[in-house]
Amino acid sequence: MREAAFAKQNKDKWLTFENVLRNNAPISPDELSALYIEITDHLSYAQTFYPNSNTVRYLNGLSVLAHQKIYKTKRESRTRFITFYTKEFPAFFAQYHKQLLVAFLFFLLFSIIGAYSAATDGDFVRLIMGDAYVNMTLDNIEKGDPMAVYKEAEQMDMFLGITINNIKVSLYAFMLGVFLSVGTLFIVMRNAIMLGSFQYFFYDHGLLWESARTIWIHGTIEISVIIIASCAGLVLGNSILFPGTYTRLQSFTRGAKDGLKILLSTVPFFIIAGFLEGFVTRHTEMPDWLAILIIGSSLFGILYYYVLYPIQLKRKNERQLRELQEAA
């Protein structure tokens, strides 16, 4: 990219940042820090491709001014952990909704493929789930308690085991993104096919509703967060495939940091999913309205936190940015 095009592409952002710094415009230390990181990334890019240029001199002066302001004003709050989840992450995640949509559609596609494969091949479920699991479930169905598998383990052991396993799956979905996103999509495909064939298995035995109302008590959050962790993997993989104006190494570093933030956001939800599976799902005698309430609340919570709330914050930030630009 030519220097003029690079400057034109980022000019508004630089001027807005300069206005914030020189006029003490209202901005949180964390937001200022995020802007500073982006400016230093631009400076590094300019130093590589336009050494000794006016762009390098301007960005260097801007980064020095920002550094002074950050380390003069920034204080680590005792509520930093809380603000990450309530403000910082949702505002940050809005830029990755496209990757989230891709992960969701890919999961949906292979869930349908899994169900179709189970419907057309009687041995497919055994291939995916294993003979031992299928035989155990068939025995439970004959005994009149098809969901008995969720009652066998001790509650705390099940909670810890499921939570740790789900976190491992999310880590794999993220880390395998380093293989140009293909590894992440493989994890999505495997879990989606398993889910689709598993649900068809119960449908084929006339137990679709009973299985759904039980499994999705914990599965709503569990599956949703696997998709979100896969989004993190796509962010990592795409940073290698599509570096944009950055060097591939710079882009990879940014993608790894952003993907790790997305992954970190899922940990509380996996703990909630593990708690539900260990302590709540086993109560198959609960009324339908209660199961639906838990499932509906879980779905709304995920959609609000990862989709609706980030959009609200993005629109708010864009409005504030326009006001700053008009004031500049």
>> Can you tell me which of (1) more than 21 Å from residue 159 (Cα to Cα); (2) out of contact with any Ser or Thr (no Cβ under 7 Å at 6 or more places or on another chain) is the one residue 234 doesn't meet?
In response: (2)
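In the stretch 236-277, how many are over 22 Å from residue 216 (Cβ atoms) and of a type outside the set (Gly, Ala, Ser)?
Step one: of the stretch 236-277, the residues over 22 Å from residue 216 (Cβ atoms) are 236-264.
Now narrow it down to the ones that are of a type outside the set (Gly, Ala, Ser): 236, 238, 240-243, 245-250, 252-254, 257-258, 260-264.
Number satisfying all stated conditions: 22.
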>> Among the residues of the stretch 93-140, what is the count of those that are in a helix (DSSP H, G or I), under 16 Å from residue 195 (Cα atoms) and of a type in the set (Gly, Ala, Ser)?
In response: 7
>> With the requirement that a residue be touching a residue at least 12 places away in the same chain (Cβ under 8 Å), in a helix (DSSP H, G or I) and more than 28 Å from residue 264 (Cα to Cα), what does the stretch 204-228 give you?
In response: 204, 210, 211, 212, 213
> What do you reckon, is residue 262 more than 21 Å from residue 104 (Cα to Cα), at pLDDT 95 or above and either in contact with a Lys or Arg (Cβ under 9 Å, 6 or more places away or on another chain) or not small (Gly, Ala, Ser) (or both)?
Replying inline: no
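Results for (1) modelled with pLDDT of 80 or more; (2) surrounded by 15 or more Cβ atoms within 10 Å (Cβ to Cβ); (3) closer than 16 Å to residue 18 by Cβ, shown as yes or no for each residue.
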| position | (1), (2), (3) |
| --- | --- |
| 39 | yes, yes, yes |
| 46 | yes, yes, yes |
| 85 | yes, no, no |
| 89 | yes, yes, no |
| 96 | yes, yes, no |
| 100 | yes, yes, no |
| 107 | yes, yes, no |
>> If I filter the stretch 1-33 down to residues being at pLDDT below 80 and among the hydrophobic types (A, V, I, L, M, F, W, C), which single residue comes out as farthest from residue 317 (Cα to Cα)?
In response: 1
> Considering only residues of the stretch 154-191 that are in contact (Cβ under 8 Å) with a residue 24 or more places away in the chain and not in a helix (DSSP H, G or I), which is surrounded by the most Cβ atoms within 10 Å (Cβ to Cβ)?
Replying inline: 181
> Which fully enclosed helices (runs of 4 or more DSSP H) of the stretch 236-328 have 2 or more residues being charged (D, E, K, R) and either at positive phi or free of Cβ contacts under 8 Å to residues at least 60 places away in the same chain (or both)?
Replying inline: 248-275, 309-327
> If you scan the stretch 262-273, which residues turn out to be within 10 Å of the chain's Cα centre (by Cα) and over 16 Å from residue 307 (Cα atoms)?
Replying inline: 264
> Does any residue of the stretch 276-293 turn out to be at pLDDT 95 or above and within 19 Å of residue 171 (Cβ to Cβ)?
Replying inline: no
>> Looking at the stretch 1-22, I want the residues that are closer than 21 Å to residue 66 by Cα and have a partner that is of a type in the set (S, T, N, Q) and outside any helix (DSSP H, G or I) with Cβ atoms under 7 Å, at least 6 apart or on another chain. Which pairs are those?
In response: 6/245
>> So if I check each of 247, 266, which one is within 30 Å of residue 50 (Cα to Cα), among the β-branched types (Val, Ile, Thr) and surrounded by 14 or more Cβ atoms within 10 Å (Cβ to Cβ)?
In response: 247
>> What's the total number of residues in the stretch 192-217 that are among the small types (Gly, Ala, Ser) and either surrounded by fewer than 18 Cβ atoms within 10 Å (Cβ to Cβ) or under 13 Å from residue 231 (Cα atoms) (or both)?
In response: 2
> Among the candidates 236, 176, 207, 185, which residue alone is among the hydrophobic types (A, V, I, L, M, F, W, C), over 17 Å from the mean Cα position of the chain (by Cα) and farther than 17 Å from residue 273 by Cβ?
Replying inline: 207
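The values are calculated or read from the model by the stated rules, or taken from the named source; none is laboratory data. This one's a predicted model, so the numbers in the text were calculated from it and none came from an experiment. For neighbour counting, all protein chains shown are included, and Cβ atoms are generated from backbone atoms with ideal geometry for every residue, glycine included.
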